[in-house]
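Novice: First the structure, which I've put down as C-alpha cells, then a few questions once you've had a look.
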Amino acid sequence: MKTCKISVYVMEKQINEIIEFLHKSEIMEITDTKSGGREKISDIENELKRADKAIDVANRYKPIKSGFFRKRKKAAHTDYDMDKKQTEAARGAIAQILKACSELEENNDELGRINLKLAQLEEYKSLEVPLSGIKTEYTKAIAGSCRSVDSEELSEKISQSGIRLFCEEIKRTGRDMLIWCVYFKEDEAKTFEFLGELEFSATEINSQTTPKEEISRLMAVKKELEERNDGLIKKICSAAKCRRNIELYYDRLLLKKEKAEALENAASTEKTYILTGYVPREHVDRIAGALKSRGCAVMHEEPEEGEMLPVAFRNNAFVSPVEEITASYSMPSKHDIDPNPVMSVFYYWFFGMMFSDAGYGLLMMLVCGVLGFSQLLERERRKMFKMFFACGVSTTLWGIAYGSFFGDLIGTVSKTFGNGKTEFLPVLIDPVNQALELLIISVAFGMVHILTALVIKFRNEWSMGNKSGAVYDVGSWIAVLAGLSVFAAGSAIGWQVAANLGLGISIVGAALRVATGGRDKKSPVMRIFLGILSLYDITTFVGDILSYSRLMALGLATGVIASVVNVLGSLGGNSPVGVIMFVLISIFGHTLNFAINMLGAYVHTNRLQYVEFYQKFYEGGGRRFKPFRLETKYFDFSDSRNF
C-alpha cells in the first residue's frame, strides 16, 4: 500500500485537539522536523519509570495470574479520559508503593549485613569474652584465623619468639584455625610480625560483648527488621489493590508521551503549527476532509528527490499472515511490487511439502486454528497462528499425498495390535520408494519458483522503462530456463514435439544472451566474448534449482523419523506393557519429531524465499509505515478510535 506526503497547518489554540484526533485516528505517520517542543518529555518519562517500577513491585509482592493468553484489558471511552480522582488515586498508590519499596530495600541491605555478621559470630560462639577483649591500660585483644598448627607447636613458637602473647584456640576449620589473642600494646609491631608468619587474618567484627551476647542482640534487631518488612509488604499489597488505576495511569502517560513527541516534531510559527507526515493514499481524502472540517489547512506534497516514502502492506486474509516474513527480510522499495500475494502461495506450498505429515498437519490446524481465529489472543498476535494454520492445511494435504499420518502409525498399530490389514496409503507418491521421482518434482517446483521470480523481474524492469534490459537480460534467461524445462518434461514423457520445441526456445534464449550480453561495448569481438561469458551464469541457476532438493529431503525425513518412532514403540508387542510402552514412546517421539521438523520446515521455507526467490527481483530497502497510534501496554483503547 503506497503512502502520500501531507502537511497539516493548525492554529495554536487547536493543536492539542488535532494531536488528539490524529492519535485516535491511527492513520498518519508524523515525521520529525526538529522544531523543539512545549512539553518536557523527560518529566513524563521519569513519571513513567516511577509507575513502571510501582507495577513491578506490586507484581512481586502481590502477583496476578498471567501467561500466554494474557490480553490487554478492553477500556471504554471513559477510561481513556482518566478523571482527576483516578489520577490522584494512582499517584498516591505509586508513592506509597515506592516509599515502602525504598524502606524495604534499606531494611534488606541491613538484614544482609546482620546475616553476614551472624555467620561470622557463629564461628566464635564458644568464646566467653568479647572479641575485642576487656580494655586495659597495657593490653589489647584480637581475634581471627591463621594457618592451622598444633597447640604445643604454637606455644613453643610464642616462647621462642620472646613475645608476651596469649593465644586461645577457638575452632579448627580444615587447614585454618580460629584464635583469640591478647598482647601488650608496646609489643604490637612484633606481635603482628609473628602472627603474619602464621598467615593471620583478623576478623572485621569489633564487639565489646561476648559473641553469644552479640548474636542475641543482632537476632533481636533482625526480628524487628523482619516485622517492619512484613508491615511494609502489607502496605504494598494494600496499595496494589489500585493496580488497575496505576496501569491505566501508566498507559495514559504513554499516550501523553506520544502526543508530546508528536507536538515536539511539529514545526511552528508564532500562531501556527505544521504537522508533516504520511498517510495511506486510500485514506488521504477522508483524513483531509476530517481535518479541514476542524479548521485545519491540508496540503499534499510531492516527495523530494530520493525520498523514500514509507510502505504498508494491505492484503487479504490468505496473504496477510505472511507479511511479517517479508517485513523481516526488507520492506519494498519504491520500484518493487508487494511480493506477498505471489510469495504466500509458494510459502504455504513448500512448508507443507517439507513437513508433509497429515497427523502433524491436523494437529497444527487444530492448535493454530484456535489461537489464530478465536478471541484468546489480540489481533496482532493472531496473525502468526493464522499463517501456521494455512501451513497446517498444506501439510495435511501433502501428508495425504505421501500417505503419512504420524508416519505409518495406522499400519503399525494394525500390525502390532490388530490384523495388519489397515493402512494409510499414498494418494500421489510414496516418498521412500519413489525418492527419485520426488526429487524431480521438487526440482520442477524450484524451476517454477525461479521462473516466477524472473517474470516479476521482467515486469519491474519494463515498468521502470528499461525495456531492453527486461528483454535481453531477463527475458533471455526466462527463455533458456523455460525451454530447458519443456525439453526435460517432453523427453521424460516421450513427447518429442514438446522436447524439440523446448530445445529450440532454449537455444533462441541462449543466442539472445550471447548477442546482447556485451551490448554496452563498442568492439564486436568484445560483445560476443562477453555474451558467451555471460552464459556461465547458468551455473548459478543450476545451483539455485538444485537447492530445492531440500523439499524432498525434509519431507522424507519427517515421515521416516515418524516411522522409526512407531517401530520403537511397537517393540513391546501386543500386551498391556506393550500398549503402555507404545503410547509413551509415541507421545515423546512424535512430539520431538514435530518440534524439530516443524522448525526445519519453517527455516528452510524462509530460506527459499529469501535466497532463491527475493534475490532474483526484490530490491527492498524500503521503510515501514508507522502511524501515530494508541500504543499501550495494559489497556486496549480501540473503542476510542476515530477511524
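The values are calculated or read from the model by the stated rules, or taken from the named source; none is laboratory data. Predicted model only: the values in this text are computed from it and were never measured. Please note: Cβ atoms are built from the backbone with ideal geometry, for glycine as well, and neighbour counts cover all protein chains shown.
Novice: Being assigned to a helix (DSSP H, G or I) and either crowded, with 20+ Cβ neighbours inside 10 Å or of a type in the set (Val, Ile, Thr) (or both), is that true of even one residue in the stretch 427-438?
Specialist: Keep residues of the stretch 427-438 that are assigned to a helix (DSSP H, G or I), which gives 435-438.
Those still in the list that are either crowded, with 20+ Cβ neighbours inside 10 Å or of a type in the set (Val, Ile, Thr) (or both) too: 438.
Scanning the stretch 427-438, I find at least one residue that is assigned to a helix (DSSP H, G or I) and either crowded, with 20+ Cβ neighbours inside 10 Å or of a type in the set (Val, Ile, Thr) (or both), so the answer is yes.
Novice: Sticking with this structure for a sec: Tell me which residues, restricted to the stretch 79-97, are at pLDDT below 85 and of a type in the set (A, V, I, L, M).
Specialist: Met82, the sole residue that qualifies.
Novice: What about Gln120, is it within 16 Å of Pro211 (Cα to Cα), among the polar types (S, T, N, Q) and touching an Asp or Glu at 6+ places or on another chain (Cβ under 9 Å)?
Specialist: Details: within 16 Å of Pro211 (Cα to Cα): yes; among the polar types (S, T, N, Q): yes; touching an Asp or Glu at 6+ places or on another chain (Cβ under 9 Å): yes.
When the stated conditions are applied, Gln120 passes them.
Novice: Could you list, ordered by first residue, the pairs with Cβ atoms under 6 Å in which the first is in the stretch 215-238 and of a type outside the set (Gly, Ala, Ser) and the second is modelled with pLDDT under 95 and not in a helix (DSSP H, G or I), at least 6 apart or interchain?
Specialist: Cys237/Lys62
Novice: Among the listed residues Leu599, Leu571, identify the single one that is touching a Phe, Trp or Tyr at 6+ places or on another chain (Cβ under 9 Å), without any contact (Cβ under 8 Å) to a residue 24 or more places away in the chain and in a helix (DSSP H, G or I).
Specialist: On the way: Leu599 fails: touching a Phe, Trp or Tyr at 6+ places or on another chain (Cβ under 9 Å).
Answer to the selection: Leu571.
Novice: Another one. Just to be sure, is Ser216 among the hydroxyl-bearing types (Ser, Thr, Tyr) and either within 30 Å of Ser126 (Cα to Cα) or surrounded by 15 or more Cβ atoms within 10 Å (Cβ to Cβ) (or both)? Break it down stepwise before answering.
Specialist: On the way: among the hydroxyl-bearing types (Ser, Thr, Tyr): yes; either within 30 Å of Ser126 (Cα to Cα) or surrounded by 15 or more Cβ atoms within 10 Å (Cβ to Cβ) (or both): yes.
The answer is yes for Ser216.
Novice: Among the residues of the stretch 158-176, how many are of a type in the set (A, V, I, L, M, F, W, C) and closer than 17 Å to Gln120 by Cβ? Quick ask: steps written out before the conclusion?
Specialist: First, pick out the residues of the stretch 158-176 that are of a type in the set (A, V, I, L, M, F, W, C): 158, 163, 165-167, 170.
Checking which are closer than 17 Å to Gln120 by Cβ leaves us with 170.
So the answer is 1.
Novice: Which residue pairs have Cβ atoms under 8 Å apart, sit 6 or more places apart or on different chains, and have a first residue in the stretch 420-445 that is over 18 Å from Gly407 (Cβ atoms) and a second that is in a loop (DSSP other than H, G, I, E, B)?
Specialist: That search, which allows pairs on different chains as well, returns Glu437/Ile429; Ile441/Ile429.
Novice: Find all pairs meeting these conditions: Cβ atoms under 6 angstrom apart; at least six residues apart or on different chains; first residue within the stretch 240-269 and in a strand (DSSP E or B); second residue of a type in the set (Ser, Thr, Tyr) and surrounded by fewer than 21 Cβ atoms within 10 Å (Cβ to Cβ).
Specialist: That search, which allows pairs on different chains as well, returns Ala267/Thr33; Ala267/Ser35; Ser268/Ser35.
Novice: Here's a follow-up. Could you grab me the full set of residues in the stretch 123-157 that are within 60 Å of the chain's Cα centre (by Cα), more than 14 Å from Val182 (Cα to Cα) and of a type outside the set (A, V, I, L, M)?
Specialist: Glu123, Tyr124, Lys125, Ser126, Ser145, Cys146, Arg147, Ser148 - these are the residues of the stretch 123-157 that are within 60 Å of the chain's Cα centre (by Cα), more than 14 Å from Val182 (Cα to Cα) and of a type outside the set (A, V, I, L, M).
Novice: Regarding Asn460, is this residue out of contact with any Ser or Thr (no Cβ under 7 Å at 6 or more places or on another chain), assigned by TED's automatic domain parsing to the domain that holds Asp336 and free of Cβ contacts under 8 Å to residues at least 60 places away in the same chain?
Specialist: In short, no.
Every residue, every condition in (1) among the polar types (S, T, N, Q); (2) loosely packed, with under 15 Cβ neighbours inside 10 Å, yes or no:
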| site | (1), (2) |
| --- | --- |
| Thr191 | yes, no |
| Gln208 | yes, yes |
| Lys212 | no, yes |
| Lys222 | no, no |
| Cys242 | no, no |
| Tyr250 | no, no |
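Novice: Follow-up question, since we're still on this one. Which of the residues that make up the stretch 158-186 are buried (at least 17 other Cβ atoms within 10 Å of the Cβ), more than 60 Å from the chain's Cα centre (by Cα) and of a type outside the set (Val, Ile, Thr)?
Specialist: Matches in the stretch 158-186: Leu165, Cys167, Cys181, Tyr183.
Novice: Within the stretch 609-623, is even one residue surrounded by 15 or more Cβ atoms within 10 Å (Cβ to Cβ) and either of a type in the set (Val, Ile, Thr) or more than 30 Å from Trp462 (Cβ to Cβ) (or both)?
Specialist: no
Novice: Go through the stretch 289-311 residue by residue and tally those that are surrounded by 13 or more Cβ atoms within 10 Å (Cβ to Cβ), within 18 Å of Leu22 (Cα to Cα) and touching a Ser or Thr at 6+ places or on another chain (Cβ under 9 Å).
Specialist: Going through the stretch 289-311 one residue at a time, the tally reaches 4.
Novice: Here is a further query. Inspect the stretch 364-385 for any residue being under 23 Å from Arg550 (Cα atoms), at pLDDT 90 or above and either buried (at least 16 other Cβ atoms within 10 Å of the Cβ) or outside the structural domain of Ser575 (by TED's automatic domain parsing) (or both) and give the result as yes or no.
Specialist: First, pick out the residues of the stretch 364-385 that are under 23 Å from Arg550 (Cα atoms): 364.
Remaining after also requiring at pLDDT 90 or above: 364.
With either buried (at least 16 other Cβ atoms within 10 Å of the Cβ) or outside the structural domain of Ser575 (by TED's automatic domain parsing) (or both) added as a condition, the list becomes 364.
Yes, the stretch 364-385 has at least one match.
Novice: Right, next: Return the residues of the stretch 297-334 that are touching a helix residue (DSSP H, G or I) at 6+ places or on another chain (Cβ under 6 Å) and either in a loop (DSSP other than H, G, I, E, B) or not acidic (Asp, Glu) (or both); say none if nothing qualifies.
Specialist: Here is the first cut: in the stretch 297-334, the ones touching a helix residue (DSSP H, G or I) at 6+ places or on another chain (Cβ under 6 Å) are 298, 313, 315, 319, 321-323, 326, 329.
Val298, Phe313, Asn315, Val319, Pro321, Val322, Thr326, Tyr329 - these are the residues of the stretch 297-334 that are touching a helix residue (DSSP H, G or I) at 6+ places or on another chain (Cβ under 6 Å) and either in a loop (DSSP other than H, G, I, E, B) or not acidic (Asp, Glu) (or both).
Rundown of residues vs (1) touching a residue at least 12 places away in the same chain (Cβ under 8 Å); (2) of a type outside the set (A, V, I, L, M, F, W, C), yes/no style:
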residue	(1), (2)
Lys85	no, yes
Ile94	yes, no
Ile97	yes, no
Cys101	yes, no
Leu104	yes, no
Asn115	yes, yes
Leu118	yes, no
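Novice: Let me ask another. Can you report the number of residues in the stretch 468-505 which are outside any helix (DSSP H, G or I) and either surrounded by 19 or more Cβ atoms within 10 Å (Cβ to Cβ) or at pLDDT 85 or above (or both)? Give the derivation first.
Specialist: Of the stretch 468-505, the ones outside any helix (DSSP H, G or I) are 494-495.
Remaining after also requiring either surrounded by 19 or more Cβ atoms within 10 Å (Cβ to Cβ) or at pLDDT 85 or above (or both): 495.
Selection size over the stretch 468-505: 1.
Novice: Yes or no: Thr516 in contact with an Asp or Glu (Cβ under 6 Å, 6 or more places away or on another chain), in contact (Cβ under 8 Å) with a residue 24 or more places away in the chain and among the β-branched types (Val, Ile, Thr)? Quick ask: steps written out before the conclusion?
Specialist: On the way: in contact with an Asp or Glu (Cβ under 6 Å, 6 or more places away or on another chain): no; in contact (Cβ under 8 Å) with a residue 24 or more places away in the chain: yes; among the β-branched types (Val, Ile, Thr): yes.
Criteria not met by Thr516.
Novice: A further question follows. So, in the stretch 519-546, of the ones that are closer than 22 Å to Ala444 by Cβ and free of Cβ contacts under 8 Å to residues at least 24 places away in the same chain, which residue ends up surrounded by the most Cβ atoms within 10 Å (Cβ to Cβ)? Break it down into steps so the answer makes sense when it comes.
Specialist: We begin by selecting, within the stretch 519-546, every residue closer than 22 Å to Ala444 by Cβ; these are 537-546.
Retained after the next criterion (residues that are free of Cβ contacts under 8 Å to residues at least 24 places away in the same chain): 539-540, 542-543.
Details: Thr539: 9, Thr540: 9, Val542: 12, Gly543: 10.
Of everything passing the filter in the stretch 519-546, Val542 is surrounded by the most Cβ atoms within 10 Å (Cβ to Cβ).
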